[in-house]
Amino acid sequence: MEWKIYEEWLDITLYRQMTNLIYKLSSNEEKYKIYMQLKENDMFLEKPKVDMETAYGLHYPGEVLERIGEHLTLTKQTYRALGLALARMMPLQETCMFNGAQKDLFWKKMKQILGEKDLFLISINYICEEKEKNRWKQAMHAYPFERAEEMLFAMSILPDDEILWEGIKQKLADSFSKNRKISVFTEWNLFVWMVGKVMTKLKGYRKKDLDILKLLAKLAVTNAKNADAVLEKRMRMFGYSDKETAFLNFVLMYFVERPDRISLSGLTAEKIGLNVLEAFLPGKETYPEEAYVLCSRILRTYGKLSVRIDGKERLEKCMNETFRVENVKTFLTLFPFRSNEPEEWHYIDLTEEKWDPLVKELSSEEFEACVTDTLKGKTYSTKSLLKYLERYENLTGKRYQDVFWKKSEPELYAVFNRLILHGILDGKKYLEEFVKDYKNEDPDLEKKWEFMAGYLKSEIKDLCNEHSYPMLKFLINEIGMDGCEFLSPWRILKETFSLGYYAIQHRECEFFSPVLGKEEHRELFSMVEKKFFYEYPDIYPEYLTALLLKESTALWMEQSEAYELSKLLLPFISDSYRRETLYQKYMTEEDRKRYQERKEWLKEQKKRMERWKTEKNIKQQFNQMLRENRKTDKELQSIYEFYKNGRYSYGYKKLYCKIVSSYLKDDFAGTAKKPMAKKEALYLLKLAENMYQDECMELTEINGLIERAEVA
């Protein structure tokens, strides 16, 4: 923690360097445990960012006391820092850390400089002079406290002293009330330390004179906006704005350690964090740097929510839908988290000078990326775009347009297209330069045009605007349909109109662009049709068929042309569905009538042929069955089963009846008896019964069969 409010009292950096030096040199085996115990009530005890040895080349405490004046001006702040460090670290000090009278001389000089009434000297003496402890405690009680930092420092020396607490509590409360001089933002750590120390003292305290202290303690465990923001309203009565309350609500909740602290990963903590973001990030007004540092911490901590808020899993998405980034500080706070945020939060509108500082705050790559996103996503007039690009060049010393020669990125394609449409870039001129290099067989052609060729190709592909076709036509006329490896008109056309084999087979190709006129369509079709005819004759009919079946083709091809073309194509179309569809689409009424009549005739002939084949197959089955069972004891059984199956044959029942009845009549003809086994006689009776029911034979005919049957 940083303690700006104490900078006029002591050199905190030197204090930390000295305490750290003593700690490192101590041979006490329990020094870590002792250090952590000291830290509980020491406001300033932390590891320094730069240690004493590195900062001043001083390697032991006595040397510091003797020679620090060579490096620093010896002020009251210096003496307080070194004296307090010696006092606090007494449990870890050792005799070998000092030579001769180094410590005594410093002690004497410090007392002369500070004087007995100095709060820090009183505190140092209280810690060090065991025999005079009571005297210095009374001096502490009698000290004329006026400022919050004095009272809180005294509490760090006498944390459990009730006399001190009773003597300062009202003044302390007043220091944090309406007339406070303590900044919530720059001295937030003072609030945290104070709440952490007074919350137990306030437990069960019912008087209203310390209400502000109780409210601050409550902020550590409650969302200030809960219950119609009652807590927020009460804080206003003590001179705290809603933004200050939101700031304190989070830092106290997050940093004050108490038994009943709320879960830092819970819904309440997430909502308190969201309150801070919504307090400081919107709008044009800016706030102290500490507010934005806190917003960054919140975004890091709660980027992905453990508990979703209204179904949203990221804190940024919970912010008001009308939120806009309107100042540089908000921009820089959100920028590190841009991958999870709406792109427009990172637009840099260089037509407004307020965004100029970002050119120094961001790396050149980051700044360029944001400019690219802005040019891609934000709408500008041609005049504004020219101003934007001019200001970019003034700020960076580079032309933005040069980026298209240096790299290829998806976002840049959209920007290139926009600059072409506004006439700021001239695609035709780029193509003329390319053709010149191509015809001159420039050895560095591919290297030079490695990236720019891709942008030109994207501008032509899909024929997306009025510039596309003239550029394509120019390229075809100058370097031919095939062009070169990395800029081929034919490849562009195949991608634009889906002219690949698979796409043609699946009717995905469509020769149409909204920006082309009728004559331009016909002109381009003529070039493509020749390419197919000479180089892809195997799919030439399929290509034309696919085009004729697309509705958009009628927008540029005359009906009469389509009719004649379809007549020529029909004999070459093997796919019946395509042939049928094409016929229905382009033939005249008379053609359709003749086609339908022929279709019906072919259908009838097909049915007759299928019936003839089926009947033939049934007769062959019967004959095969007879060959296998003729003149055996299974003959009538097999005939019965054949007929039984035929009874349920849709459309062929009469045929089965005719086959079986004819055979039986012939087989039982004459007057001679036909001997058979009893089993066969039973099948004859079953057969006779079924055929009589089906009206296949008359009763007299059946009687004739039975009369000639004889059981052997």
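The values are calculated or read from the model by the stated rules, or taken from the named source; none is laboratory data. The structure presented is a predicted model; accordingly, all values stated were derived computationally and were not measured. We place every Cβ from the backbone using ideal geometry, glycine too, and count neighbours over all the protein chains shown. We work out accessible area using only protein heavy atoms, side chains counted, and drop any ligands, DNA or RNA first. Shrake-Rupley method; radii C 1.70, N 1.55, O 1.52, S 1.80 Å.
Over 20 Å between C-alpha atoms is what I'm after, so list which of Lys631/Lys679; Lys208/Lys233; Lys634/Lys678; Lys24/Lys131; Lys233/Lys304 land there.
Lys24/Lys131; Lys233/Lys304
Beyond 22 Å, what share of the Cα-Cα pairs of region 508-587 is found? Please give it as a whole percent.
I get 21 percent for the Cα pairs in region 508-587 exceeding 22 Å.
For an R0 of 45 angstrom, estimate the FRET efficiency from the Cβ-Cβ distance between Asn440 and Glu321 and round to the nearest 0.05.
It comes out at approximately 0.20.
Which value, in debye to the nearest 20, describes the size of the charge dipole of the chain about its Cα centre when Lys and Arg Cβ atoms bear +1, Asp and Glu Cβ atoms bear -1, and nothing else is charged?
2660
Toward the positive end of the charge dipole of region 46-161, about the Cα centre and with charges on Cβ (Lys, Arg +1; Asp, Glu -1), which of Ile122, Cys96, Met151 goes farthest?
The residue sitting most towards the positive pole is Ile122.
Calculate, in nm to one decimal, what Glu166 and Val230 gain on full extension: separation in residues at 0.36 nm each, minus their alpha carbon distance. Let's see the in-between values first.
Numbers: separation 64, 0.36 × 64 = 23.04 nm, distance 2.92 nm.
That works out to 20.1 nm of additional length.
What accessible area, in Å² to the nearest ten, does a 1.4 Å probe give for His71?
So the heavy atoms of His71 present about 80 Å² to solvent.
Could you list, by residue number, the cysteines of the chain that have no other cysteine's beta carbon within less than 4.7 Å of their beta carbon?
Cys96, Cys128, Cys295, Cys318, Cys370, Cys464, Cys484, Cys509
Using Stokes-Einstein with the Kirkwood hydrodynamic radius over Cα pairs, what translational diffusion coefficient do you get for the chain at 4 °C and a viscosity of 1.567 mPa s, in µm²/s rounded to a whole number?
The calculation lands on 35 µm²/s.
Rank Ile5, Met18, Ala55 by how far each Cα sits towards the positive end of the charge dipole of region 1-106 (+1 on Lys, Arg Cβ; -1 on Asp, Glu Cβ) and give me just the farthest.
Farthest towards the positive end: Ile5.
Rounded to the nearest whole Å², what accessible area per residue is found for the chain with the 1.4 Å probe?
Working: 38080 Å² over 712 residues.
Result: 53 Å² of accessible area for each residue.
Check each of the chymotrypsin sites (Phe, Trp or Tyr not before Pro) in region 594-650 and keep only those in coil by DSSP with at most 15 other C-beta atoms within 10 angstrom; list them in order.
Numbers: sites: Tyr595, Trp601, Trp612, Phe622, Tyr640, Phe642, Tyr643, Tyr648, Tyr650; in loops: Tyr648, Tyr650.
The qualifying sites are Tyr648, Tyr650.
In the chain, with Lys and Arg counted as +1 and Asp and Glu as -1 at Cβ, which of these residues, Ile492, Gly651, Val307, has the Cα nearest the positive end of the dipole, that is, farthest along it?
Most positive-ward Cα: Gly651.
Show me the trypsin sites (Lys or Arg not before Pro) within region 144-194 that DSSP assigns to loop and that have at most 12 other Cβ atoms within 10 Å of their Cβ.
Lys178, Lys181
Under 17 Å Cα to Cα from Lys518, which lysines show up? Leave out anything in the same chain fewer than 8 places away.
Of all the lysines, those that pass the test against Lys518 - Cα under 17 Å, at least 8 places apart if same chain - are Lys473, Lys550.
Roughly how many debye, to the nearest 20, is the charge dipole of region 429-519 about its Cα centre, given +1 on each Lys and Arg Cβ, -1 on each Asp and Glu Cβ, and no other charges?
Dipole magnitude for region 429-519 comes out near 260 debye.
Provide the FRET efficiency to the nearest 0.05 for the Asp462-Met609 pair, computing r from the beta carbons and using R0 = 56 Å. Numbers along the way, then the final one.
On the way: r = 51 Å, r/R0 = 0.92.
With R0 = 56 Å, the Cβ-Cβ based efficiency is 0.65.
What lysines could a cross-link reach from Lys607, if we take a straight Cα to Cα line under 30 Å and drop same-chain neighbours fewer than 8 places away?
Answer for Lys607, where 30 Å is the Cα cut-off: Lys567, Lys585, Lys593, Lys599, Lys616, Lys619, Lys644, Lys653, Lys654, Lys658, listed by chain and number.
Can you tell me the length gained on complete extension of the stretch Leu267 to Asp211, counting 0.36 nm per residue apart and subtracting the Cα distance?
Result for the pair: 17.4 nm of gain on full extension.
Express in Å², to the nearest 10, the accessible area of Asp442 obtained by rolling a 1.4 Å probe over the protein heavy atoms while all chains stay in place.
50
Give a residue-ordered list of calculated ³J(HN,Hα) values for region 374-383 (Karplus: 6.51 cos²θ - 1.76 cosθ + 1.60, θ = phi - 60°; whole Hz; x for Gly, Pro).
Each residue's phi maps through the Karplus curve to give 5, 5, 6, x, 9, 8, 9, 6, 4, 4 Hz.
Roughly how many debye, to the nearest 20, is the charge dipole of region 348-469 about its Cα centre, given +1 on each Lys and Arg Cβ, -1 on each Asp and Glu Cβ, and no other charges? Each step should come with its number before you reach the end.
Numbers: 20 positive and 26 negative charges, 58 e Å.
For region 348-469, the charge dipole is close to 280 debye.
Can you spot the aspartates and glutamates whose alpha carbon is less than 20 Å from Lys439's alpha carbon? Ignore those fewer than 8 places along the same chain.
Output for Lys439: Glu450, Glu478, Asp482, Glu485.
I'd like the carbon and sulfur percentage of the solvent accessible area for the chain, probe radius 1.4 Å, heavy atoms only, ligands and nucleic acids excluded.
49
FRET efficiency for Lys178 and Glu409, Cβ-Cβ distance as r, R0 = 51 Å, nearest 0.05?
It comes out at approximately 0.35.
Sort the following peptides by mean Cβ neighbour count (other Cβ atoms within 10 Å, averaged over residues), highest first: 378-389, 248-259, 211-222.
Values: 378-389: 14.2, 248-259: 19.3, 211-222: 21.1.
Descending packing order for the listed peptides: 211-222, 248-259, 378-389.
For region 291-327, state which GluC sites (Glu not before Pro) are in a DSSP loop and have at most 11 other beta carbons lying within 10 Å of their beta carbon.
Working: sites: Glu313, Glu316, Glu321, Glu326; in loops: Glu321, Glu326.
The qualifying sites are Glu321.
Can you tell me the length gained on complete extension of the stretch Arg399 to Lys24, counting 0.36 nm per residue apart and subtracting the Cα distance?
Full extension of this stretch gives 129.4 nm more.
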